[in-house]
Amino acid sequence: MTETGTGSGTVTDTVADAFIEVDRVEKVFDVRRRTGFLKRERRQVRAVDALSFTVARGEMVGYIGPNGAGKSTTIKMLTGILTPSGGRLRVAGIDPARERTRLAHRIGVVFGQRTTLWWDLPLIDSYRLAHRMYRIPDARYREILDRLVELLDLGALLDVPVRQLSLGQRMRGDIAAALLHDPEVLYLDEPTIGLDVVSKARVREFLRGLRDERGTTVLLTTHDLQDIEQLCSRVMVIDHGRLMYDGPLAGLHEAGESERTLVLDLERELPPVDAPPPARVVRVEGPRQWLAFPASASAAPLVARLAAEYPLVDLSVREPDIEAVIARMYEERASA
Amino acid sequence: MGETGRLREGTRAYLLIAAMWIRSTMTYRTSFVLTAVGNLAVTGLDFVTLVLMFAQVDTLGGWTLPEVAFLYGLSVTSFGLADLLIGSADTLGARLRDGSFDTLLVRPAPVLAQVAADRFALRRLGRITQGALVLGWALCAVHVEWTAAKVLLVPVMLVSGAAIFGAVFTAGAAFQFLAQDAAEVQNAFTYGGTTLLQYPPTVFGKDLVRGVTFVLPLAFVNWVPGAYVLGRPYPLSLPGWAAFAPPLVAAGCVALAGLAWRAGLRAYRSTGS
C-alpha cells in the first residue's frame, strides 16, 4: 500500500476500530441539461464535498439531511454502487468501488422504497435464493433464518407470495433478506417510510436488538426523526454534501440553539406573563400562553416563579422538534 | 478473481436467477401457456409470409424456397437462442430509470449475468422451436452435396450466430447506460437484424450488404456460411475461408461487447443516475 493520505491528524488515524472510514471523499456529477433541440449545457454538481467521518464497529448512526443533500450518494459510495471522484473510502478495510462483490458478502442494504424480494413468489423463496447466492452454509442459514423469523415475526408469512404482504410485513421481510448472510454492517435507507405506528415500533425494536446482541454496525438514513431519537446515540447531519453536525443527538439541540416550549394554562385570560429573560411569551390564545426558553436551561426555576406569581391550572413542557432544530441549522448556515 | 472464476460465478448466478424467474412465471400458468403459444404463432406468421410470397414467384433474388427457408431457419434459431439467454437485457433501461438497478449492484454476483437473467422467459422457446422446425424442413428439402465440413458448419453457425446476436444485445444494453430509453435502437439491430437475415443477400443493395458484413457482421450468422453450404457465391467477393470465419467473428463481437459493457457500467458508477 502506497496510500499514505496527506494529513496525519485526520480522524481516521485517531479511531482505533474504525469500521467505516470516509476521508475527504468527494463526488462530482456532470449534469447535462437540454437547453435547445440539440444544445446541451454541462455543469458540474458537487454532491459530496470533502466528507470525512468514521464509524466504529457496532455503532448505530443516524444520517440525516434534506433531499438532495448527498445522503444517498454517500450510501451508494459506501456500498460500491458509485465510485468516488476523490478521497479515500474503506468499509471493513475494503475499497467498495474496487471490490464490490467481495464487499457484498459483508454488507446488508435495505432500500426502504423498493423491495429486493421476489414479487410473485412466497417470501421463503427469496431467502432460499440468498442462501445460495451468498453461499451461506446450510446449518448457519437455518440458524440465522430461524432467529430472524422469530424476531421479526415472519413465521406465518414465509409461504405467502410477497405481492400479498402489507407494506410493514414486506419491510420486515426485506430487513430479514438483508441480514441472512450475517453482514457486519447494515445500511438502512428510510426503513420506516410509510409504515404504521405498530410496524414502526416493531422495526425499531428489532434494530435495537440487532445492535445490542450482534454488534452490527448500522447506518440509517431517515426522514423520521423518531427513528433517530429511539435508535441512534450519534447523528450526522449533511447538507450540500458537507457534514454540518456529527455528535450525540442531545448536542444537536445546542448546535441548533433550539428552544423548548412551556405551555401554561391560566385560570383566566391575562395579558402576557412577565417571564424572566431569555424566556419570552411567543403566543397567547385565551387563557393559554406559550413561552419559549433555551433547551439547555432548566425549566424548574421558570415554572416555580410563574407558579408563584400567576394562577396556574396546568402546564406542560414540549421538547424541541429536531426537524425544527435542523431547519434552523440550515438557515444559519445559509445566512452565514 | 480471474476471468474463468468470473465466468463460473456469472453462470451460477445466471442459473439461480433464471430459475427464480421460471418459478415466478409458473405462478401464472395459464398466462404462460397463452403467451408461449402466441409467441410461436406470431413468429410462425413470418414464415407464412415467405411461403405466400413463393406462391407468386419461383425464386427470390435467385434463391429457391428451401434455400431461403435455410437462411430463415438459421437466422431465427440463432436469434432465438440469444433472445432466450440474454434478450431481457433490454429491460436494463427500465431498471436504470426506476433505480432498481442499484439493488443488483449490492449482490455478490457479476452484474451482466444478473441483467441477462433478468425476466428470463421460457416462452421464448417458441421462437427457437419455430426456427428449428423450418431449419429442419429446409435441410431435408435443399439440394446439397453434404460433406463433413458442411454438416459440421450447421451447428457452428447456430452457436456463432447466437453469440453474435448476444453480443449485439449486450452492446445495446451497454448503450442504455448512456441513453436510458434506447431499447428501441437496440431492437432495430436485433429484431431488425434477424428479419433482414431471413431474406437472401441478393435482394438487398450492395451498401447494406457491406455494412452488415464489415460494420455489424450479421452476414456471418447465415449469409456467408449459408452460401458456402448451398454452393452459392458469397454476397461480396470474400475469400473462400470466410465461410468458416463465424466463430472468429463471434469471438470478436463478444469481446467488443464485453468492453462496451464494462465502459457503460463504469460510466454509470462514476456518474450515477
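In the range B:106-127, the qualifying residues are those that are surrounded by fewer than 21 Cβ atoms within 10 Å (Cβ to Cβ) and away from chain A (no Cβ under 14 Å), and the one that is nearest to the chain's Cα centre (by Cα) is B:125.
Checked against (1) out of contact with any Cys (no Cβ under 7 Å at 6 or more places or on another chain); (2) of a type outside the set (Val, Ile, Thr); (3) surrounded by 17 or more Cβ atoms within 10 Å (Cβ to Cβ), residue A:60 passes all but a single condition, namely (1). Consider the range B:237-273 and keep the residues that are hydroxyl-bearing (Ser, Thr, Tyr) and in a helix (DSSP H, G or I). The one that is farthest from the other protein chains (Cβ to nearest Cβ) is B:268. Counting only residues that are touching an Asp or Glu at 6+ places or on another chain (Cβ under 8 Å) and at pLDDT 85 or above, the range A:193-213 holds 3 of them.
Among the residues of the range A:255-281, count how many are exposed (fewer than 13 other Cβ atoms within 10 Å of the Cβ) and either under 21 Å from residue A:332 (Cα atoms) or touching a residue at least 60 places away in the same chain (Cβ under 8 Å) (or both). Of the residues in that region, 1 qualify.
If you go through the range A:82-113 and keep only what is without any contact (Cβ under 8 Å) to a residue 40 or more places away in the chain and more than 26 Å from residue A:167 (Cα to Cα), you end up with A:83, A:93, A:94, A:95, A:96, A:97, A:98, A:99, A:100, A:101, A:102, A:103. The criterion of being at pLDDT 85 or above, over 22 Å from residue A:249 (Cβ atoms) and within 14 Å of another protein chain (Cβ to nearest Cβ) does not hold for residue A:21. Report yes if some residue within the range A:242-252 is closer than 30 Å to residue A:288 by Cα and assigned to a helix (DSSP H, G or I); otherwise report no. Taking every residue of the range A:242-252 in turn, at least one turns out to be closer than 30 Å to residue A:288 by Cα and assigned to a helix (DSSP H, G or I). Of B:79, B:47, B:32, B:70, all but one fail to be farther than 24 Å from residue A:133 by Cα, touching a residue at least 12 places away in the same chain (Cβ under 8 Å) and within 14 Å of another protein chain (Cβ to nearest Cβ); the exception is B:32. Residue count for the range A:286-308, restricted to those that are closer than 13 Å to residue A:267 by Cα and exposed (fewer than 11 other Cβ atoms within 10 Å of the Cβ): 1. Residue pairs whose Cβ atoms lie under 9 Å apart, separated by 6 or more positions or on different chains, with the first residue in the range A:168-191 and on the phi > 0 side of the Ramachandran plot and in contact (Cβ under 8 Å) with a residue 40 or more places away in the chain and the second aromatic (Phe, Trp, Tyr) and surrounded by 21 or more Cβ atoms within 10 Å (Cβ to Cβ), are A:190/A:111. One residue stands out among those in the range A:107-140 that are polar (S, T, N, Q) and either more than 7 Å from chain B (Cβ to nearest Cβ) or touching a Gly at 6+ places or on another chain (Cβ under 7 Å) (or both): the one that is surrounded by the most Cβ atoms within 10 Å (Cβ to Cβ), which is A:126.
Quick one: which residue in B:228, B:234 is more than 14 Å from every other protein chain (Cβ to nearest Cβ), among the aromatic types (Phe, Trp, Tyr), surrounded by 17 or more Cβ atoms within 10 Å (Cβ to Cβ) and in a helix (DSSP H, G or I)? On inspection, the qualifying residue turns out to be B:228. Going through (1) part of a helix (DSSP H, G or I); (2) touching a helix residue (DSSP H, G or I) at 6+ places or on another chain (Cβ under 8 Å) one by one, residue B:211 falls short only on (2). Once the range A:79-106 is narrowed to residues that are farther than 21 Å from residue B:112 by Cβ and surrounded by 21 or more Cβ atoms within 10 Å (Cβ to Cβ), the residue that is nearest to the other protein chains (Cβ to nearest Cβ) is A:84.
Can we say residue A:145 is aliphatic (A, V, I, L, M), away from chain B (no Cβ under 13 Å), over 25 Å from the mean Cα position of the chain (by Cα) and over 25 Å from residue B:9 (Cβ atoms)? Judged against the criteria, residue A:145 is not a match.
The values are calculated or read from the model by the stated rules, or taken from the named source; none is laboratory data. Keep in mind the model is a prediction, meaning the values are calculated, not measured. Please note: Cβ atoms are built from the backbone with ideal geometry, for glycine as well, and neighbour counts cover all protein chains shown.
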